[in-house]
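Written below as structure tokens is the structure these notes are about.
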Number of protein chains: 2
Amino acid sequence: MKLSTKGRYGVMAMVNLALYDHEGQVALKQIAEHEGISESYLEQLIAKLRKAGLVQSIRGAQGGYKLAKSPNEISVGEILNALEGILAPVQCGDNVNCCHNSSCKVKPVWEKIHTAVNDVVFSIYLSDLIKE
Amino acid sequence: MKLSTKGRYGVMAMVNLALYDHEGQVALKQIAEHEGISESYLEQLIAKLRKAGLVQSIRGAQGGYKLAKSPNEISVGEILNALEGILAPVQCGDNVNCCHNSSCKVKPVWEKIHTAVNDVVFSIYLSDLIKE
DNA sequence: TTATACTTGACAATTTTAGTCGGAAATGGT
DNA sequence: ACCATTTCCGACTAAAATTGTCAAGTATAA
């Protein structure tokens, strides 16, 4: 039940972008330095965020990244989903052995956890995190 | 944010034990067969559950395992904690890089997730899962 | 005393994580 | 036109965690 650095770094980077949103685009190098993350690694992560439509890139010299939407339109849930995939603790039903004799008595537990996590992350927006 | 098989198998095994609680101890082999889990692997998991005081072992021929407490005294949270450790998505503060320039603006997010997950798992007891 | 079952510890294949690296393409400034 | 800067893309890799397997030993009931 741990979050990988993908999700953690991703949210950190997005908060960073939100903080400097008014200044136009920010170079990846800046973010990497600000947050103490490897630039090469962050590249992979931000590529996913771009494909998910959360950030916008400006190529070339003096280029960089900026939020694709307003901070109050980007939830932490979107960020985490883009980087970590579905946040369910167990994906029952695939080829995952989750119910034999216990005949899926446990499935509702995983669903409740999933719902609880989603309720939290999709109700927190970047704008909530950068205020004060 | 996935649960490993440790936690999943552990809860399944405990539900199994709860189902057959009235029949006295159940052999590990039975549980492994019922749930489709490797017996050798389950051995490791149930050892942790025993050390956490959740199951009780009866050695010798016709031996096996049984719940150490009543099903309504054992929560899913206890089981998961015994097998997966703390369920926090991020453990900020260690040597984990979680806040630099974003100066821990994200920390409350991880805490809320942790709280939400705990609220769920510590409010569900084995007795809830085996009824009906 | 023997079969059953728990206990321990070492080992190992596979997958995931957490990056690294090199180069190509785009763009603004000189 | 050139050059420094920066994004973009794909392949590669070391380390760690996961998910087991296996062998040998210990305890106990029948």
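The values are calculated or read from the model by the stated rules, or taken from the named source; none is laboratory data. Here the structure is a predicted model, which means the values were calculated and not measured. Neighbour counts run over all protein chains shown; Cβ positions are idealised from the backbone, glycine included.
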Test: residue B:118 is under 30 Å from residue A:130 (Cβ atoms) and more than 8 Å from every other protein chain (Cβ to nearest Cβ): yes
Qualifying residue in the range B:11-33 (condition: among the hydroxyl-bearing types (Ser, Thr, Tyr), over 30 Å from residue A:8 (Cβ atoms) and either surrounded by 14 or more Cβ atoms within 10 Å (Cβ to Cβ) or modelled with pLDDT of 95 or more (or both)): yes
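Using the structure shown, decide if residue A:44 is in a helix (DSSP H, G or I) and either more than 14 Å from chain B (Cβ to nearest Cβ) or in contact with a Phe, Trp or Tyr (Cβ under 6 Å, 6 or more places away or on another chain) (or both).
So residue A:44 fits the description; yes.
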Residues within the range B:10-29 that are within 15 Å of DNA strand C (Cβ to nearest atom) and more than 8 Å from every other protein chain (Cβ to nearest Cβ), tallied: 13
Residues that are part of a helix (DSSP H, G or I) and more than 26 Å from residue B:131 (Cα to Cα), drawn from the range B:48-65: B:51
Given (1) closer than 26 Å to residue A:114 by Cβ; (2) surrounded by 20 or more Cβ atoms within 10 Å (Cβ to Cβ); (3) within 12 Å of DNA strand C (Cβ to nearest atom); (4) not basic (Lys, Arg), number of the condition residue A:64 does not satisfy: (1)
Every pair of residues 6+ apart whose Cβ atoms lie under 7 Å, when the first sits in the range A:12-38 and is basic (Lys, Arg) while the second is within 12 Å of DNA strand C (Cβ to nearest atom): A:29/A:39
